[in-house]
Amino acid sequence: MDNPPPETIRLDQFLKWVQAVPTGGEAKVLIQIGEVSVNGAVETRRGRKLVEGDRVSIAGEEFVVNLQ
């Protein structure tokens, strides 16, 4: 039986998944110091739940959440 794709992903997990950061620890630090934005707003919660279509920006790069 196939599992449905997840409907959300945590911000810190997403940054590792798209290889924007090499480790979860680095993701945590960058999020906490305000270096990451979600949909144009600075996000400091690493547990922020992202949904399909959210736009995450870090270090001048933008990633669009695609959980398919």
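Below is a table of values for the structure above.
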item	result
Total residues in the range 30-58, condition small (Gly, Ala, Ser) and surrounded by 10 or more Cβ atoms within 10 Å (Cβ to Cβ)	4
Residue count, the range 30-41 (criterion: in a strand (DSSP E or B) and in contact with a helix residue (DSSP H, G or I) (Cβ under 8 Å, 6 or more places away or on another chain))	2
Pair list, Cβ < 7 Å and 6+ apart or interchain, from the range 24-51 residues that are over 9 Å from Asp12 (Cα atoms) and hydrophobic (A, V, I, L, M, F, W, C) to residues that are loosely packed, with under 12 Cβ neighbours inside 10 Å and at pLDDT 95 or above	Val42/Gly34
From the options Ala20, Ala27, residue that is part of a helix (DSSP H, G or I) and modelled with pLDDT of 95 or more	Ala27
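The values are calculated or read from the model by the stated rules, or taken from the named source; none is laboratory data. Please read these numbers as outputs of a predicted model, since none were measured by experiment. Reconstructed Cβ throughout: ideal geometry from the backbone, glycine too, with neighbour counts over all protein chains shown.
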